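Working notes, beginning with the structure itself.
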Amino acid sequence: MAKTKMAKADLSTEEKIKEAARKVFTQKGYAATRTRDIAEEAGINLALLNYYFRSKEKLFELIIMEKMQILLGKIGPIIMDKNTSIEEKVEQVAEHYIDTLLANPDIPLFVLGEIRSNPDKFASLIKTKTNIADSTLFKQLAEKRPDIDPLHFIFNMLGLIIFPFIGKPLIQLITGLKSEQAITLMKERKMLVKTWFSAMVAAT
């Protein structure tokens, strides 16, 4: 019984530290974050944080991998599927990304901030198993439009999906767009991205 209570306490403390780390890393970035900041946010002493995670770097690796798994975890199987069309893949990618970013709006700016400030460190941590150039989607695009590098279409697809989340603060400032309206627009965008992408691929 005592061991069970201790295990629950350990899990609670560990989760509390991870939640604090997510918040502080997102707000300050890796370079500006101190382990003391995370400990204070978690409401524990520094020694206890070090007992669980030893270093800021270990915590950062854990948090960044969690965020990238949320963002990229389902994309590989979608773009590698040989049984779906280009349009079906784009629709699934758009739906996954938009739903994910609506639930985790901090991810795009967090990731971009770390790429800008720690490109080498970020690259060493993120090693996706799926090479886009080897994907079925890439090959389908190359076959459909041999006159255009498929990467142009990949760039456009990601831009259509991700930029509204990155640019949301500015868009809201200059348009007066409310958060509720922004959510509605992004939900509508799931189908629109497929329509726009299909038009791009078909354009001469």
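The values are calculated or read from the model by the stated rules, or taken from the named source; none is laboratory data. These numbers come from a predicted model, not from an experiment. Methodologically, a virtual Cβ is constructed for each residue, glycine included, from the backbone with ideal geometry; neighbour enumeration extends over all protein chains shown. Note: areas computed on protein heavy atoms with side chains; ligands, DNA, RNA excluded. Shrake-Rupley method; radii C 1.70, N 1.55, O 1.52, S 1.80 Å.
Any idea which residue in the range 74-119 is most open to solvent (accessible area, probe 1.4 Å), counting only those that are among the acidic types (Asp, Glu), at pLDDT 90 or above and closer than 24 Å to GLU180 by Cα? For the range 74-119, the residue satisfying everything is GLU95. The single condition among (1) more than 30 Å from LEU141 (Cα to Cα); (2) open to solvent by less than 50 Å² (accessible area, probe 1.4 Å); (3) at pLDDT below 85 that LEU71 does not meet is (1). Scan the range 170-204 for residues that are open to solvent by 80 Å² or more (accessible area, probe 1.4 Å) and not in a helix (DSSP H, G or I) and the total you get is 2. Residues that are within 30 Å of PRO150 (Cβ to Cβ) and acidic (Asp, Glu) occur at least once in the range 76-85. Scanning the range 60-67 turns up no residue that is open to solvent by 30 Å² or more (accessible area, probe 1.4 Å) and of a type in the set (Phe, Trp, Tyr).
What about GLN27, is it over 13 Å from the mean Cα position of the chain (by Cα), among the polar types (S, T, N, Q), surrounded by 14 or more Cβ atoms within 10 Å (Cβ to Cβ) and assigned to a helix (DSSP H, G or I)? No; evaluated as a whole, the condition is false for this residue.
Just one of (1) touching a helix residue (DSSP H, G or I) at 6+ places or on another chain (Cβ under 8 Å); (2) open to solvent by less than 70 Å² (accessible area, probe 1.4 Å) fails for GLY167. It is (1).
Scanning for something buried (at least 16 other Cβ atoms within 10 Å of the Cβ), touching a residue at least 40 places away in the same chain (Cβ under 8 Å) and among the hydroxyl-bearing types (Ser, Thr, Tyr), does the range 33-51 turn up at least one residue? No, every residue in the range 33-51 fails to be buried (at least 16 other Cβ atoms within 10 Å of the Cβ), touching a residue at least 40 places away in the same chain (Cβ under 8 Å) and among the hydroxyl-bearing types (Ser, Thr, Tyr). Residues being of a type outside the set (Asp, Glu) and open to solvent by 20 Å² or more (accessible area, probe 1.4 Å): count how many of those fall in the range 13-24. So the answer is 5.
Within the range 144-154, the set of residues being open to solvent by 50 Å² or more (accessible area, probe 1.4 Å) and either within 19 Å of ILE107 (Cβ to Cβ) or touching a residue at least 24 places away in the same chain (Cβ under 8 Å) (or both) comprises LYS144 only.
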